[in-house]
Each structure stands twice: as C-alpha cells, then as structure tokens.
Amino acid sequence: MKGFLLLLVIFAASSVARPSSGPDGVAVFRHSCATCHRPDSGTRAPLPAVLRQMTSESILRALETGDMRAQGALLTPAERQAVAKYLGKRDSRSVSAGNGLCATPTPWLETDAAWNGWGPGAHNTRFQSAAAAGLNRQDVPRLKLKWAFGFPHGSSINSSPAVFAGRVFVGTEDGTVYSLSAESGCIDWTFKASATVRTAPVVDPAARLVFFGDVDGRVYAVAAETGKLVWQRRSDAHPAARIRGTPTLAGGRLYVPVSSSEEGLADNPRYPCCTFSGAITVFEARTGRKIWEAHTIPVKARRTGVNRAGVPTWGPSGASVWSPPTVDLKRHAVYVGTGNSYSDPPSPFTDAVMAFNMDTGKRLWSRQFLPRDLWNGGCVAKENANCPSQPGPDYDFGSPPMLCSTGKGRDLLIIGQKSGVVYALDPDHKGQIVWQTRIGHGGPLGGIEFGGGADRDLAYFPLSDWQQSQPYEGGGLFALRIPDGQKVWYTPPPKPACAKRPGCSAALIAPVTVIPGVVFSGSQDGHLRAYDTHDGSLLWDFDTLRNFETVNGVPGRGGAFSSIGAVVANAMLFIDPGYGGLPGNILLAFSVDVK
C-alpha cells in the first residue's frame with residue numbers, strides 16, 4: 001500500500017546544485033531526502049542506517065524501475081547514481097546466471113495441493129484447509145528449514161509466493177519472476193518484467209498461465225511451464241498507475257486492482273496534483289482482452305485552482321485500490337477497499353469499501369468510513385505546496401475485505417483499517433455496518449496494514465501501530481468472533497531482540513495465514529511465529545535475521561515481515577522475509593520431513 005510508497009526515498013522538488021566534478025551524493029541526500037528519513041517523519045521511509053544495509057544497486061534500481069521510479073525521475077541520472085553510491089554498500093555477490101537451474105524440468109503435478117495467489121481463494125480469508133495445507137497443529141512445532149533460495153542483488157521482498165503443481169512462483173525487486181521446484185528450490189525458468197513485481201503470481205490451471213503485475217502498471221500472462229510471454233497489457237491509461245495488490249482470478253477473468261504513484265509525486269511542488277482515480281480492470285484470462293474497467297471515483301478530476309507554488313491543482317483524486325479484489329460468486333459482486341483522497345475536493349469513495357457487479361463493473365454500493373481524509377507526499381516534504389490545507393490522518397484500507405460466514409446462513413465482509421478499527425459489513429444490505437471493534441490506536445503507520453485471516457469461527461488481526469523511534473511499541477495479535485466482533489483472545493508481542501538495530505520493531509504489519517488450529521504471523525523484528533487459534537499460545541518461532549546458505553549459491557539473509565505473509569501448501573511452508581526497516585533477499589522453505 002501507499003505507506004510503503006515512501007519506503008526507500010521521497011524526494012523534494014527542487015534540484016540540487018551540481019559541482020563541476022559531478023553531483024555530491026551527501027548533498028543530494030541532505031537536500032532532497034533527509035526530510036523523510038528521520039524517526040519523526042511520520043512515514044515508513046528507512047533511516048540512513050537502514051539504507052546503508054542495502055546495496056547501491058538495489059537503491060538505484062528502486063529509483064529507476066522500482067517503487068521509487070516516480071521520485072527518481074525528479075533527479076538526473078548522475079544524481080540518482082550519486083545518492084545510491086553514498087547510501088548503499090557495494091554488492092560483492094557475483095553469481096552465474098546458470099546457478100541453481102533444475103537438472104530436469106519439474107513435473108507438472110496438478111493434483112498437488114496449492115496456494116494460488118494472495119488469498120489463497122477469492123474470498124481473501126487467507127485460510128488453507130487441512131487437506132491443502134498438509135500440516136496440522138501437532139506438525140507445526142516440528143517444522144525445519146528444508147531449503148533457502150537467494151535473490152541476486154535484492155534487498156527488498158515484495159511478492160508473496162504462489163504454490164501450484166509442484167512449483168513455487170515468486171516475483172522480485174528487479175522484476176524477475178521465478179518458477180522454482182517446491183521440493184528442492186531449483187530454477188525451472190525466469191521471466192524479466194519491466195519493473196518491480198510486488199504482486200503474488202496467480203495461476204490459471206485450465207490455461208496453464210501465470211499472471212502478475214508490476215509497479216509500472218503492466219499486467220503479464222506467461223506460460224506456466226516455460227515462462228514464455230503470452231500477453232501483456234496496461235492496467236490503466238494514467239501514467240502513474242501501478243499494480244501493488246495481487247489480481248484475483250475467478251470464472252476465467254482476472255480482476256486487477258489499480259493504485260498509483262501520484263500520491264508520492266505530489267511531494268514535488270511543481271507537480272499538478274492530482275488526477276488519478278483508483279480502479280479495477282478486468283481481463284479475459286486466456287487472451288488479455290479487456291472486459292471492463294471501473295474507477296473508484298466515477299467523475300474525472302477537474303482543475304480546482306493553483307497550489308502555493310502557483311501550479312494548477314486538480315481533483316477529486318485518490319481512492320487507490322492497494323489490495324486484492326474479493327470475488328463473491330453468490331452475489332455476483334466484487335469488493336474492494338480504497339485509499340485516501342490525494343487532493344481537494346474530497347470524494348465520498350475514499351477510505352471506503354465498494355461493491356461492483358462482476359459482469360459489467362456497475363457500482364452496486366459504497367460505504368465510506370472517514371470523510372475528508374486528504375493526504376499526499378507533499379504533507380511530509382520540505383516544500384509542501386501540494387499538501388491539502390486540512391490534511392487528514394491517512395487512514396487507508398490497505399487490506400482486502402474478507403468474505404466470511406457466520407455459520408447461520410449469513411455472510412459478512414470483515415476488514416481492518418489503518419485507524420485500528422476492524423469492521424464487519426452486511427453484503428446483502430449495501431455494506432451496512434454490523435459491528436466494529438477497535439484493536440489499536442491507529443495512525444499513518446498503524447492499525448491494520450496488510451490484512452487479517454479467518455477460519456470458520458474467528459477472524460485474526462495483527463496490529464501494527466509502528467513508531468519508527470520506539471521499537472517496543474505496537475504489535476500484538478487479536479482473535480475476534482466473526483458474528484459479533486467480540487475479542488476472544490489477545491497475545492501481546494514479544495520484546496524484539498533486535499531492538500537496537502534501526503528498523504527493528506515489535507509491529508505486526510504482514511497479513512496472517514491460517515490453517516486449522518494455527519495462525520502464522522510475521523513480525524517487523526524478522527520472526528515468523530505460529531500461534532494456537534484456541535488461546536493464542538505460541539507454538540513455533542523462527543528467527544530469519546541471520547545468514548543462510550542457499551541452493552543457488554547467492555548469499556542470503558532474512559529480514560522484516562511487512563507486506564507478505566506465510567504460504568502453506570502440500571505439507572510445506574514458504575516465507576520470503578526482508579522489507580522495510582530490515583532488508584533481506586531470501587525465500588525459505590520448511591517441512592516436517594527434512595532429508
């Protein structure tokens with residue numbers, strides 16, 4: 001979601017004086033970056049000490065083709081190189097591209113259990129059945145590391161793995177998408193997208209295609225067995241459009257959530273803020289034919305005046321869709337959560353849950369939870385000409401609605417907000433609020449970030465409430481009763497052992513994963529923990545903050561869990577930690593039966 005838009009570097013608008021010998025990286029950083037890279041900035045931008053753990057190549061790639069591409073465009077190529085060289089360390093890893101290749105192709109085993117996409121199903125509950133998981137409560141404490149795979153030159157993991165037909169599909173910071181053997185971690189194929197891939201891959205078993213999106217707004221379909229490109233499309237015509245949420249596959253159609261980088265571009269006082277509206281774009285899975293596109297703000301932005309720098313302003317704008325759409329075949333509807341407004345005038349469709357007709361894209365209903373939440377990157381920039389005169393608290397919905405059953409013939413849409421409140425809505429009565437439960441104080445970095453999970457009885461939500469300068473603040477896991485939102489149990493966060501390291505925190509930002517009897521939750525301190533769903537007691541704890549020997553020879557290291565959670569399928573568990581305050585470049589596979 002957009003809190004991570006500011007993750008690496010947010011740049012102010014004015015250019016930096018260039019000495020005759022070339023740009024000074026220190027001066028570029030101090031003049032254009034330092035405003036956001038401080039503990040009290042109100043963003044998730046890493047402190048300089050954290051950036052120095054990353055490689056120069058990773059920082060430069062983020063500025064040129066990754067998450068910070070829009071901000072990097074405000075600098076010259078020489079300035080980007082200078083600041084990357086100043087901040088990052090040299091990447092000494094030299095690994096042949098042929099390392100780690102499978103000796104023979106991994107068999108395509110469609111009968112294997114799977115975790116397909118983000119959910120793993122279209123209801124986005126992140127619940128895996130006992131049969132598909134292949135693990136139970138008694139197995140989890142016996143999990144051991146089976147293999148580790150290192151991503152070359154990577155410092156930030158954004159893409160959740162998908163497991164299907166004996167393979168693991170995963171995207172990376174540099175745009176490379178891998179197909180690996182689930183059993184051994186060897187490489188079957190790679191595909192290079194044009195920009196960073198943050199989405200989980202999604203597999204269409206009938207067409208044998210794999211879908212994913214990149215942060216430049218492109219959607220790709222590649223052959224699942226070979227990695228050959230089948231089709232590629234733009235998700236939206238707006239130049240700042242991006243795909244950060246995972247697409248949802250249902251009924252032969254791919255439902256793509258569209259967000260943007262425009263909120264970050266607004267830190268430039270010369271940028272005419274803002275014209276983007278969030279969207280869902282639907283493609284025919286086999287061919288890539290666009291079926292419909294629905295914008296969350298149904299009216300086009302119009303000119304509203306000038307900002308404090310005399311540049312034209314536009315609105316309404318915003319309402320990005322940062323997370324996967326939830327598909328409801330019973331009601332023939334697709335649901336999304338939306339982000340805040342970028343500019344005046346405010347829109348009634350921001351910070352909302354919205355429902356659209358699956359066939360036509362017609363808006364069925366919308367329920368807004370915080371009017372007038374206007375915010376953009378200009379609100380934390382040194383020159384804040386584009387910040388709204390009355391900025392809001394920046395309380396997006398960064399996670400999808402979960403379609404859950406009460407067990408009495410009634411369904412609820414359950415969703416958590418950055419405000420720290422969890423809501424249950426009635427999909428049969430235009431999103432009427434059934435209950436609401438506060439679990440945290442909320443904030444721009446807190447409340448509920450990337451989502452919860454649910455089984456038949458309970459919904460589980462991790463709490464962020466991250467404060468950059470307070471590593472012991474935030475965190476904790478909550479279990480709420482689905483019918484009425486009552487708290488069944490709460491497990492406080494352990495004190496992080498890495499508290500003295502910049503970027504370490506007790507905050508739980510990543511989405512949880514649920515199997516019968518167990519809920520997995522990754523922490524900003526680099527630990528993946530498993531809890532008993534009955535009482536929240538700890539069953540298993542794995543610390544990823546260490547170096548790993550990898551099957552492909554790339555030096556690997558774990559890191560923080562932020563935007564992605566654990567994946568469980570076919571008696572194996574997969575995690576790829578390393579993002580935000582504690583960088584990493586690793587995919588880890590666990591099993592009870594380790595040979």
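The values are calculated or read from the model by the stated rules, or taken from the named source; none is laboratory data. All values derive from a computational prediction rather than experimental measurement. When we count neighbours, we look across all protein chains shown, and the Cβ atoms used for this are built from the backbone with ideal geometry, even at glycine. The accessibility values were calculated without ligands, DNA or RNA, using every heavy atom of the protein model including side chains. Shrake-Rupley method; radii C 1.70, N 1.55, O 1.52, S 1.80 Å.
Would you mention how many residues in region 156-180 are under 24 Å from the mean Cα position of the chain (by Cα) and either farther than 21 Å from Leu582 by Cα or open to solvent by 30 Å² or more (accessible area, probe 1.4 Å) (or both)? Write out each step before concluding.
Restricting attention to region 156-180, the residues satisfying the condition of being under 24 Å from the mean Cα position of the chain (by Cα) are 156-164, 167-180.
Keeping just the survivors that are either farther than 21 Å from Leu582 by Cα or open to solvent by 30 Å² or more (accessible area, probe 1.4 Å) (or both) gives 162-164, 167-169, 174, 176-180.
Matching residues across region 156-180 total 12.
Does Thr246 meet the test of being open to solvent by 10 Å² or more (accessible area, probe 1.4 Å), touching a Ser or Thr at 6+ places or on another chain (Cβ under 7 Å) and in a loop (DSSP other than H, G, I, E, B)? In short, no.
Return yes or no: is Ser521 modelled with pLDDT of 95 or more, open to solvent by 20 Å² or more (accessible area, probe 1.4 Å) and among the hydroxyl-bearing types (Ser, Thr, Tyr)? Quick ask: steps written out before the conclusion?
Values: modelled with pLDDT of 95 or more: yes; open to solvent by 20 Å² or more (accessible area, probe 1.4 Å): no; among the hydroxyl-bearing types (Ser, Thr, Tyr): yes.
No, not satisfied.
Residue under question is Asp394, and the condition is that it be among the acidic types (Asp, Glu), within 29 Å of Asp214 (Cβ to Cβ) and surrounded by 23 or more Cβ atoms within 10 Å (Cβ to Cβ); does it hold? Talk me through it step by step, then tell me what you get.
Details: among the acidic types (Asp, Glu): yes; within 29 Å of Asp214 (Cβ to Cβ): yes; surrounded by 23 or more Cβ atoms within 10 Å (Cβ to Cβ): yes.
Here the answer is yes, as Asp394 does meet what is asked.
Screening Ala279 against (1) at negative phi; (2) open to solvent by 10 Å² or more (accessible area, probe 1.4 Å) leaves a single unmet condition, (2). Checking Thr304, Thr326, Thr313, Thr287 one by one, the residue that is β-branched (Val, Ile, Thr) and open to solvent by less than 20 Å² (accessible area, probe 1.4 Å) is Thr326 and no other. Of everything in region 539-562 that is open to solvent by less than 30 Å² (accessible area, probe 1.4 Å) and among the small types (Gly, Ala, Ser), the residue that is farthest from Asn585 (Cα to Cα) is Ser562.
Taken over region 422-469, the residue count meeting the criterion of being among the hydroxyl-bearing types (Ser, Thr, Tyr), open to solvent by less than 10 Å² (accessible area, probe 1.4 Å) and assigned to a strand (DSSP E or B) is 1.
If a residue has to be assigned to a loop (DSSP other than H, G, I, E, B), touching a Phe, Trp or Tyr at 6+ places or on another chain (Cβ under 6 Å) and touching a residue at least 60 places away in the same chain (Cβ under 8 Å) to count, how many in region 293-310 make the cut? Break it down into steps so the answer makes sense when it comes.
Within region 293-310, the subset assigned to a loop (DSSP other than H, G, I, E, B) is 296-301, 307-310.
Next, from what is left, pick out any that are touching a Phe, Trp or Tyr at 6+ places or on another chain (Cβ under 6 Å): 296-297, 301.
Pick out the ones that are also touching a residue at least 60 places away in the same chain (Cβ under 8 Å) and you get none.
Result for region 293-310: 0.
Within region 124-155, being crowded, with 23+ Cβ neighbours inside 10 Å and over 30 Å from Ser56 (Cα atoms) holds for Asn124, Thr125, Arg126, Phe127, Gln128, Ala133, Leu135.
For region 366-386, a residue qualifies if it is among the acidic types (Asp, Glu) and surrounded by fewer than 18 Cβ atoms within 10 Å (Cβ to Cβ), and exactly one does: Glu383. Considering Ser405, Ser347, Ser389, the condition of being surrounded by fewer than 17 Cβ atoms within 10 Å (Cβ to Cβ), hydroxyl-bearing (Ser, Thr, Tyr), out of contact with any Phe, Trp or Tyr (no Cβ under 8 Å at 6 or more places or on another chain) and modelled with pLDDT of 95 or more is satisfied by Ser405 alone.
Considering the conditions (1) surrounded by fewer than 18 Cβ atoms within 10 Å (Cβ to Cβ); (2) farther than 21 Å from Val321 by Cβ; (3) among the aliphatic types (A, V, I, L, M), Val222 is excluded by exactly one of them, (1).
Being under 30 Å from Arg253 (Cα atoms), assigned to a loop (DSSP other than H, G, I, E, B), touching a residue at least 12 places away in the same chain (Cβ under 8 Å) and not small (Gly, Ala, Ser) is the filter here, so list the residues in region 268-292 that pass it. Walk me through how you get there before you give the answer.
Here is the first cut: in region 268-292, the residues under 30 Å from Arg253 (Cα atoms) are 275-292.
Restricting the remaining residues to those that are assigned to a loop (DSSP other than H, G, I, E, B) gives 275-276, 278, 285-289.
Narrowing the set further to residues that are touching a residue at least 12 places away in the same chain (Cβ under 8 Å) leaves 275-276, 278, 285-288.
Of everything in region 268-292, those that are under 30 Å from Arg253 (Cα atoms), assigned to a loop (DSSP other than H, G, I, E, B), touching a residue at least 12 places away in the same chain (Cβ under 8 Å) and not small (Gly, Ala, Ser) turn out to be Thr275, Phe276, Arg286, Thr287.
Could you tell me whether region 539-550 includes any residue that is within 26 Å of His441 (Cβ to Cβ), part of a loop (DSSP other than H, G, I, E, B), modelled with pLDDT of 95 or more and of a type outside the set (A, V, I, L, M)? Quick ask: steps written out before the conclusion?
The initial filter retains those residues of region 539-550 that are within 26 Å of His441 (Cβ to Cβ), namely none.
Checking region 539-550: not a single residue is within 26 Å of His441 (Cβ to Cβ), part of a loop (DSSP other than H, G, I, E, B), modelled with pLDDT of 95 or more and of a type outside the set (A, V, I, L, M).
In region 359-377 there is no residue matching the filter, namely being under 25 Å from Phe520 (Cβ atoms), in a strand (DSSP E or B) and in contact with a Phe, Trp or Tyr (Cβ under 9 Å, 6 or more places away or on another chain).
From Tyr579, Tyr531, grab the single residue that is among the aromatic types (Phe, Trp, Tyr) and more than 22 Å from Thr199 (Cα to Cα).
The match here is Tyr531.
Just to be sure, is Ser184 touching a strand residue (DSSP E or B) at 6+ places or on another chain (Cβ under 8 Å), closer than 15 Å to Arg242 by Cα, open to solvent by 10 Å² or more (accessible area, probe 1.4 Å) and not basic (Lys, Arg)? So Ser184 fails the test. Check region 516-538 and report whether any residue there is assigned to a strand (DSSP E or B), on the phi < 0 side of the Ramachandran plot and touching a helix residue (DSSP H, G or I) at 6+ places or on another chain (Cβ under 7 Å). Checking region 516-538: at least one residue is assigned to a strand (DSSP E or B), on the phi < 0 side of the Ramachandran plot and touching a helix residue (DSSP H, G or I) at 6+ places or on another chain (Cβ under 7 Å).
Within region 494-507, the set of residues being touching a residue at least 40 places away in the same chain (Cβ under 8 Å), of a type in the set (A, V, I, L, M, F, W, C) and open to solvent by 10 Å² or more (accessible area, probe 1.4 Å) comprises Ala497, Cys498.
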